[in-house]
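What follows draws every value from the coordinates through simple rules; no lab data is involved. Computed from a predicted structure; not experimentally measured. So basically every Cβ, Gly included, is an ideal-geometry build from the backbone, and we count neighbours across all protein chains shown.
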Amino acid sequence: MPSLQAYTFRMPAGFAGDLQRAEVATIEPQQIDPAAPPTVFGVAVKLVNGKIQPINNAADTAALVYGVNLRPYPIQGNGTDPLGTSTPPTSGVTDVLKRGYVNVALGGTTAATKGGTVYVRVAAAAAGKPLGGFEAAADGTNTVAMPASWYFTGPGDTYGITEIAVNI
């Protein structure tokens, strides 16, 4: 049996909404708006009347993005959730990343590149392109570019999970 072993494929990066590099993160607990809760982890969220809502309006701008909805660990998931997924709560408190690094699902067909601009989808949701989701290329008025302090740290893994830096 050999003492060294090579991996022929890249290891998975993690799950959307997973916090990375916790030592540099700034996380705030925020109240969820039960009338419009985020439906997935790892998406851009906004603060409306003191409560967290997903980015869900074509008029939303980069300035309205409050942070990223984090996936807490451990989490009591829904018994019908597939392995590797979890459903966010629809009320109560959620963690929002204000500064740090987080895994997100890369939407669209353009690959992320290290240091690349982060775009947030604000309109025309489609399969693989949820509202509030992150993309590596502009899609007309359907996405907004985030400031330079938001950027991709590298390409996505086989499952489309990549890491973004938030306000770094």
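Summary of computed values
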quantity: Cβ-based charge dipole, the chain, positive-most Cα from A145, P12, A59; calculated: A145
quantity: q = 0.11 Å⁻¹, the chain: log10 I(q)/I(0) [Debye, one scatterer per Cα]; calculated: -0.43
quantity: Check: the stretch 19-166 dipole with +1 on Lys, Arg Cβ and -1 on Asp, Glu Cβ, in debye; calculated: 140
quantity: Reachable lysines, given that their alpha-carbon falls under 19 Å from the alpha-carbon of K98 and they are not under 8 places away in the same chain; calculated: K46, K51
quantity: Contact order relative to length of the chain, as percent, for alpha carbon pairs under 8 angstrom and 6 or more apart; calculated: 27
